[in-house]
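The values are calculated or read from the model by the stated rules, or taken from the named source; none is laboratory data. On a predicted model such as this, the values are computed, not experimentally measured, just so you know. Here Cβ is always computed from backbone atoms with ideal geometry, including for glycine, and neighbour counts include all displayed protein chains.
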(Lines give C-alpha, C1' and ligand atoms only; values in the text may rest on other atoms or scores of the structure.)
Protein backbone atom coordinates (compact mmCIF):
# COMPACT_ATOMS: atom_id res chain seq x y z
CA UNK A 1 0.00 0.00 0.00
CA UNK A 2 1.34 3.40 -1.01
CA UNK A 3 0.62 6.56 0.91
CA UNK A 4 0.81 9.80 -1.00
CA UNK A 5 1.69 12.89 0.90
CA UNK A 6 0.50 16.13 -0.68
CA UNK A 7 2.40 19.21 0.45
CA UNK A 8 0.30 21.80 2.29
CA UNK A 9 1.25 24.41 -0.30
CA UNK A 10 -0.55 22.40 -2.98
CA UNK A 11 -3.68 22.02 -0.86
CA UNK A 12 -3.76 25.72 0.02
CA UNK A 13 -3.81 26.97 -3.54
CA UNK A 14 -4.74 30.54 -4.32
CA UNK A 15 -8.34 31.22 -5.34
CA UNK A 16 -9.39 32.26 -8.80
CA UNK A 17 -11.32 35.51 -9.02
CA UNK A 18 -13.88 36.59 -11.61
CA UNK A 19 -14.09 40.33 -12.28
CA UNK A 20 -17.44 42.11 -12.31
CA UNK A 21 -16.67 44.34 -15.29
CA UNK A 22 -19.91 46.31 -14.93
CA UNK A 23 -18.75 47.53 -11.50
CA UNK A 24 -15.01 47.76 -12.23
CA UNK A 25 -13.01 50.59 -13.79
CA UNK A 26 -9.51 51.08 -15.18
CA UNK A 27 -8.84 54.75 -15.89
CA UNK A 28 -5.94 57.07 -16.59
CA UNK A 29 -5.40 60.75 -15.81
CA UNK A 30 -3.27 62.74 -18.26
CA UNK A 31 -2.70 66.34 -19.31
CA UNK A 32 -3.08 67.76 -22.82
CA UNK A 33 -1.96 71.35 -23.43
CA UNK A 34 -2.22 72.08 -19.71
CA UNK A 35 -5.73 70.65 -19.36
CA UNK A 36 -6.21 67.47 -17.31
CA UNK A 37 -8.48 64.75 -18.66
CA UNK A 38 -9.49 61.23 -17.65
CA UNK A 39 -9.61 58.28 -20.01
CA UNK A 40 -11.23 54.88 -19.63
CA UNK A 41 -9.68 51.55 -20.57
CA UNK A 42 -11.52 48.32 -21.33
CA UNK A 43 -9.69 45.37 -19.79
CA UNK A 44 -9.76 41.68 -19.05
CA UNK A 45 -8.12 40.24 -15.96
CA UNK A 46 -7.13 36.71 -15.01
CA UNK A 47 -6.52 36.67 -11.27
CA UNK A 48 -5.36 33.87 -9.00
CA UNK A 49 -4.77 35.30 -5.54
CA UNK A 50 -4.86 34.32 -1.86
CA UNK A 51 -4.26 37.39 0.32
CA UNK A 52 -3.35 35.21 3.31
CA UNK A 53 -0.45 33.34 1.72
CA UNK A 54 0.22 35.09 -1.64
CA UNK A 55 1.47 31.70 -2.90
CA UNK A 56 0.43 30.91 -6.43
CA UNK A 57 -0.56 34.49 -7.17
CA UNK A 58 -0.88 35.28 -10.86
CA UNK A 59 -2.35 38.49 -12.26
CA UNK A 60 -2.59 39.06 -16.00
CA UNK A 61 -4.40 42.13 -17.33
CA UNK A 62 -5.02 42.60 -21.05
CA UNK A 63 -6.11 45.98 -22.43
CA UNK A 64 -7.42 46.18 -26.02
CA UNK A 65 -6.15 49.67 -26.83
CA UNK A 66 -8.53 50.24 -29.74
CA UNK A 67 -11.33 50.54 -27.17
CA UNK A 68 -9.68 53.37 -25.22
CA UNK A 69 -12.01 56.29 -24.47
CA UNK A 70 -10.06 59.49 -23.82
CA UNK A 71 -13.12 61.71 -23.70
CA UNK A 72 -13.23 63.09 -27.26
CA UNK A 73 -13.38 61.48 -30.71
CA UNK A 74 -10.28 63.46 -31.82
CA UNK A 75 -8.26 62.20 -28.85
CA UNK A 76 -9.55 58.65 -29.32
CA UNK A 77 -8.54 58.60 -33.01
CA UNK A 78 -5.13 60.12 -32.27
CA UNK A 79 -4.40 57.48 -29.61
CA UNK A 80 -4.72 54.74 -32.25
CA UNK A 81 -1.94 56.18 -34.44
CA UNK A 82 1.74 55.20 -34.61
CA UNK A 83 2.60 58.29 -32.55
CA UNK A 84 0.66 56.88 -29.59
CA UNK A 85 -0.59 53.30 -29.09
CA UNK A 86 0.23 52.14 -32.62
CA UNK A 87 -2.68 49.68 -32.52
CA UNK A 88 -1.89 48.42 -36.01
CA UNK A 89 1.29 46.80 -34.69
CA UNK A 90 0.47 46.53 -30.97
CA UNK A 91 -3.30 46.17 -30.44
CA UNK A 92 -3.08 45.29 -26.74
CA UNK A 93 -1.22 46.39 -23.64
CA UNK A 94 -0.57 43.86 -20.89
CA UNK A 95 0.42 43.70 -17.26
CA UNK A 96 1.77 40.41 -15.94
CA UNK A 97 2.65 40.05 -12.28
CA UNK A 98 5.88 38.46 -11.16
CA UNK A 99 5.04 38.70 -7.46
CA UNK A 100 2.61 40.26 -5.00
CA UNK A 101 3.94 41.42 -1.65
CA UNK A 102 2.30 42.65 1.53
CA UNK A 103 2.90 46.30 2.46
CA UNK A 104 1.96 48.57 5.36
CA UNK A 105 -1.06 49.83 3.41
CA UNK A 106 -2.11 46.60 1.67
CA UNK A 107 -0.30 44.94 -1.20
CA UNK A 108 1.89 45.69 -4.20
CA UNK A 109 1.73 43.76 -7.45
CA UNK A 110 5.14 43.85 -9.10
CA UNK A 111 5.37 42.83 -12.72
CA UNK A 112 5.87 43.88 -16.31
CA UNK A 113 3.81 46.39 -18.25
CA UNK A 114 4.00 46.09 -22.04
CA UNK A 115 2.84 48.92 -24.32
CA UNK A 116 3.97 49.38 -27.96
CA UNK A 117 6.04 46.21 -27.61
CA UNK A 118 8.11 47.85 -24.87
CA UNK A 119 8.34 45.94 -21.58
CA UNK A 120 9.05 47.85 -18.36
CA UNK A 121 8.84 46.91 -14.69
CA UNK A 122 5.74 48.22 -12.93
CA UNK A 123 4.64 48.22 -9.30
CA UNK A 124 0.96 48.67 -8.53
CA UNK A 125 0.16 49.33 -4.86
CA UNK A 126 -3.40 48.28 -3.99
CA UNK A 127 -5.80 47.71 -1.14
CA UNK A 128 -8.16 44.78 -0.83
CA UNK A 129 -11.41 44.74 1.12
CA UNK A 130 -13.04 41.33 1.24
CA UNK A 131 -16.78 40.90 1.70
CA UNK A 132 -17.37 37.17 2.05
CA UNK A 133 -16.60 35.67 -1.37
CA UNK A 134 -16.22 39.05 -3.10
CA UNK A 135 -13.67 41.83 -2.82
CA UNK A 136 -13.04 45.45 -3.74
CA UNK A 137 -9.57 46.29 -5.02
CA UNK A 138 -8.34 49.87 -5.35
CA UNK A 139 -4.94 50.70 -6.78
CA UNK A 140 -3.01 53.54 -8.36
CA UNK A 141 0.36 53.97 -10.03
CA UNK A 142 2.10 56.53 -12.23
CA UNK A 143 3.87 55.73 -15.48
CA UNK A 144 5.92 57.75 -17.94
CA UNK A 145 4.32 57.76 -21.39
CA UNK A 146 7.77 58.39 -22.88
CA UNK A 147 9.03 55.06 -21.46
CA UNK A 148 6.60 53.35 -23.87
CA UNK A 149 6.99 55.68 -26.90
CA UNK A 150 3.48 57.01 -26.39
CA UNK A 151 3.14 60.53 -27.76
CA UNK A 152 6.03 60.78 -30.21
CA UNK A 153 6.60 63.08 -33.18
CA UNK A 154 4.69 66.35 -32.86
CA UNK A 155 3.29 65.08 -29.53
CA UNK A 156 6.65 64.47 -27.83
CA UNK A 157 6.87 67.87 -26.14
CA UNK A 158 5.65 67.77 -22.53
CA UNK A 159 3.97 71.14 -23.05
CA UNK A 160 1.65 69.40 -25.48
CA UNK A 161 1.17 66.12 -23.61
CA UNK A 162 2.34 65.65 -20.03
CA UNK A 163 4.77 62.78 -19.48
CA UNK A 164 3.28 61.40 -16.28
CA UNK A 165 0.08 59.36 -16.56
CA UNK A 166 -1.74 58.21 -13.43
CA UNK A 167 -3.40 54.81 -13.83
CA UNK A 168 -6.24 53.98 -11.42
CA UNK A 169 -7.86 50.62 -10.79
CA UNK A 170 -11.19 50.11 -9.03
CA UNK A 171 -12.07 46.45 -9.28
CA UNK A 172 -14.88 44.29 -7.93
CA UNK A 173 -14.32 40.54 -8.09
CA UNK A 174 -15.74 37.31 -6.73
CA UNK A 175 -13.94 34.10 -5.71
CA UNK A 176 -14.76 31.03 -7.76
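For region 78-92, indicate whether the set of residues that are within 30 Å of residue 51 (Cβ to Cβ), under 16 Å from the mean Cα position of the chain (by Cα) and modelled with pLDDT of 95 or more is non-empty.
yes
Look through 23, 15, 45 and report the one residue that is exposed (fewer than 13 other Cβ atoms within 10 Å of the Cβ) and more than 20 Å from residue 158 (Cβ to Cβ). Explain how you work it out, then say what you get.
Values: 15 fails: exposed (fewer than 13 other Cβ atoms within 10 Å of the Cβ); 45 fails: exposed (fewer than 13 other Cβ atoms within 10 Å of the Cβ).
The match here is 23.
Screening 91, 51, 125, 64 for residues that are surrounded by fewer than 19 Cβ atoms within 10 Å (Cβ to Cβ), over 18 Å from residue 30 (Cβ atoms), in contact with a strand residue (DSSP E or B) (Cβ under 7 Å, 6 or more places away or on another chain) and in contact (Cβ under 8 Å) with a residue 60 or more places away in the chain leaves exactly one candidate, 51. With respect to the conditions (1) out of contact with any helix residue (DSSP H, G or I) (no Cβ under 6 Å at 6 or more places or on another chain); (2) in contact (Cβ under 8 Å) with a residue 40 or more places away in the chain; (3) within 20 Å of residue 163 (Cα to Cα); (4) surrounded by 14 or more Cβ atoms within 10 Å (Cβ to Cβ), residue 83 lacks only one, and its number is (1). Residues considered: 62, 68. Of these, the only one that is at pLDDT 95 or above and over 22 Å from residue 136 (Cβ atoms) is 68.
Considered as a group, the residues in region 128-150 that are touching a strand residue (DSSP E or B) at 6+ places or on another chain (Cβ under 7 Å) and without any contact (Cβ under 8 Å) to a residue 24 or more places away in the chain include one that is farthest from residue 25 (Cα to Cα), and that residue is 144.
Would you call residue 159 crowded, with 18+ Cβ neighbours inside 10 Å, in contact (Cβ under 8 Å) with a residue 12 or more places away in the chain and either in contact with a helix residue (DSSP H, G or I) (Cβ under 7 Å, 6 or more places away or on another chain) or under 20 Å from residue 31 (Cβ atoms) (or both)? Working first, answer last.
Numbers: crowded, with 18+ Cβ neighbours inside 10 Å: no; in contact (Cβ under 8 Å) with a residue 12 or more places away in the chain: yes; either in contact with a helix residue (DSSP H, G or I) (Cβ under 7 Å, 6 or more places away or on another chain) or under 20 Å from residue 31 (Cβ atoms) (or both): yes.
So residue 159 does not fit the description; no.
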